[in-house]
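Read the structure below first, then the notes.
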Amino acid sequence: MPSPDDRTRAFLHDLTISPLWCECFHQLLTETIPLPESGHILLVECGTGGLAIELAHRLRNTGTVTASDSDPARLQIVRDKCQVAKLDNLRILDRDQLADDPVAEGYDLVVGDASLLPTEALPPLLTLLRERVGEGGQVAAYALLRGSFDEFFSIFWEALYECDLAEDLAVPLETLLRTHPTPADIRAQAADAGLHNVTITSSKETFSFDSGHAFLESPLIAGYWLDRWLSIVPRDYLNSVRDSLCDIIDRDRGTYPFEVSIKAALLTARAEPSPGADDEDLEEDEDPEEDPENDV
């Protein structure tokens with residue numbers, strides 16, 4: 001049973017994170033691939049179910065949607081929405097139920113969202129999607145590309161310098177800058193998972209904040225990213241670094257909002273090579289040195 005704090009975070013996700021963050025990935029999906037008019041769809045890390053509800057309505061008489069998330073409190077919100085919408089073609093499974101619920105024929109479309117998960121969660125997610133997609137089915141996954149939040153990291157370095165930590169933390173900061181994968185990294189991970197015909201489409205998304213305090217305390221930054229970034233800072237310096245970050249943001253932004261950007265990535269792939277694909281096409285598809293990123 002989710003705790004009150006878990007439920008609060010889930011409601012914040014539904015009210016603020018979903019429209020601010022998740023919708024830009026969903027839009028990238030709908031602009032990149034045609035969504036099916038029938039069949040069976042699986043959504044992994046579905047959040048609070050906005051896309052699941054939309055697709056279940058779309059397939060009300062022609063197919064089914066299965067939605068799963070690692071957060072039980074978010075899944076409860078999906079169940080509540082499903083009950084209100086009276087959708088009998090939407091199945092909701094927790095993580096353990098999903099692991100024990102193989103579909104014999106596989107799904108026609110599987111979509112996984114790794115955009116808010118630790119970077120190391122993407123390879124196992126791709127493997128799960130590969131295991132669940134049916135023959136000829138479509139795989140899609142959300143992720144972040146390297147270069148996301150660069151505006152913050154520039155200010156972070158300045159704050160570390162002001163707190164006399166820049167020299168000691170130069171290597172950990174460089175590691176943070178390389179946390180997110182490149183398109184070539186994602187293609188290699190997809191190949192390792194057994195996926196073919198991989199395409200990566202990216203879109204730059206910008207988020208605005210009225211002040212340094214608003215940035216540091218926002219549900220998006222405080223809820224998902226700030227602790228990861230500040231994990232390199234010694235405990236005794238945390239308050240000083242936070243204060244410095246806030247001051248630098250407010251000093252530099254002047255009368256304008258503070259903006260940070262991400263590179264939202266959508267991976268699309270198939271579980272098997274397309275019929276008739278020649279060896280040259282497959283060889284090019286599996287070359288991790290290629291960078292087929294498409295900006296939209």
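The values are calculated or read from the model by the stated rules, or taken from the named source; none is laboratory data. As the structure is a computational prediction, the values presented were derived from the model and not from experiment. Virtual Cβ from ideal backbone geometry, glycine too; neighbours counted across all protein chains shown. Ligands, DNA and RNA are excluded from the accessible area calculation, which covers all protein heavy atoms including side chains. Shrake-Rupley method; radii C 1.70, N 1.55, O 1.52, S 1.80 Å.
Against the conditions (1) assigned to a loop (DSSP other than H, G, I, E, B); (2) open to solvent by 20 Å² or more (accessible area, probe 1.4 Å); (3) of a type outside the set (Ser, Thr, Tyr), where does residue 26 fall short? Just the number, please.
It fails just one condition, (1).
Residue 65: surrounded by 24 or more Cβ atoms within 10 Å (Cβ to Cβ), among the hydrophobic types (A, V, I, L, M, F, W, C) and at pLDDT 95 or above, yes or no? Spell out the reasoning first.
Values: surrounded by 24 or more Cβ atoms within 10 Å (Cβ to Cβ): yes; among the hydrophobic types (A, V, I, L, M, F, W, C): yes; at pLDDT 95 or above: yes.
Yes: the conditions hold for residue 65.
Tell me which residues, restricted to region 241-262, are touching a residue at least 60 places away in the same chain (Cβ under 8 Å) and more than 11 Å from residue 212 (Cα to Cα).
Within region 241-262, 241, 260, 261, 262 qualify.
Run down 54, 45, 105, 120 and say which single residue is surrounded by fewer than 18 Cβ atoms within 10 Å (Cβ to Cβ) and within 17 Å of the chain's Cα centre (by Cα). Lay out the reasoning, then the answer.
Working: 54 fails: within 17 Å of the chain's Cα centre (by Cα); 45 fails: surrounded by fewer than 18 Cβ atoms within 10 Å (Cβ to Cβ); 105 fails: within 17 Å of the chain's Cα centre (by Cα).
One residue alone meets the criteria, 120.
Give just the number: which of (1) buried (at least 19 other Cβ atoms within 10 Å of the Cβ); (2) not in a loop (DSSP other than H, G, I, E, B) does residue 7 not satisfy?
Failed condition: (1).
Of a type in the set (S, T, N, Q) and open to solvent by 70 Å² or more (accessible area, probe 1.4 Å) - does that describe any residue in region 83-97?
So in region 83-97, the residues of a type in the set (S, T, N, Q) come out as 83, 89, 97.
If we keep only those that are open to solvent by 70 Å² or more (accessible area, probe 1.4 Å) too, we end up with 83, 97.
Yes, that holds for at least one residue.
State whether the residues of region 145-154 include one that is over 20 Å from the mean Cα position of the chain (by Cα) and modelled with pLDDT of 95 or more.
First, the residues of region 145-154 that are over 20 Å from the mean Cα position of the chain (by Cα): 154.
From what's left, modelled with pLDDT of 95 or more: 154.
Yes - at least one qualifying residue is present in region 145-154.
Quick grid of which residues meet (1) without any contact (Cβ under 8 Å) to a residue 40 or more places away in the chain; (2) of a type in the set (Asp, Glu); (3) touching an Asp or Glu at 6+ places or on another chain (Cβ under 7 Å); (4) more than 30 Å from residue 137 (Cα to Cα):
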position	(1), (2), (3), (4)
165	no, no, no, yes
197	no, no, yes, no
202	no, no, yes, no
230	yes, no, no, yes
239	yes, no, no, yes
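Pull up region 123-133, narrow it to residues that are open to solvent by 30 Å² or more (accessible area, probe 1.4 Å) and in contact (Cβ under 8 Å) with a residue 60 or more places away in the chain, then point me to the one that is nearest to residue 49 (Cα to Cα). Lay out the reasoning, then the answer.
First pass over region 123-133, keeping only residues open to solvent by 30 Å² or more (accessible area, probe 1.4 Å): 123-124, 127-128, 130-131.
Next cut, in contact (Cβ under 8 Å) with a residue 60 or more places away in the chain only: 123, 127-128, 130.
Values: 123: 23, 127: 22, 128: 19, 130: 22 Å.
For region 123-133, the residue satisfying everything is 128.
Has region 62-79 got at least one residue that is in a loop (DSSP other than H, G, I, E, B) and basic (Lys, Arg)? So that I can check it myself, show each step before the final result.
Here is the first cut: in region 62-79, the residues in a loop (DSSP other than H, G, I, E, B) are 62, 70-71.
Now restrict to residues that are basic (Lys, Arg): none.
Taking every residue of region 62-79 in turn, none turns out to be in a loop (DSSP other than H, G, I, E, B) and basic (Lys, Arg).
Restricting attention to helices (runs of 4 or more DSSP H) lying wholly within region 180-296, give those where 2 or more residues are at pLDDT below 95. Don't jump to the end; show me each part of the working.
Working: elements: 183-192, 212-217, 226-230, 238-253, 279-285.
The qualifying helices (runs of 4 or more DSSP H) are 238-253, 279-285.
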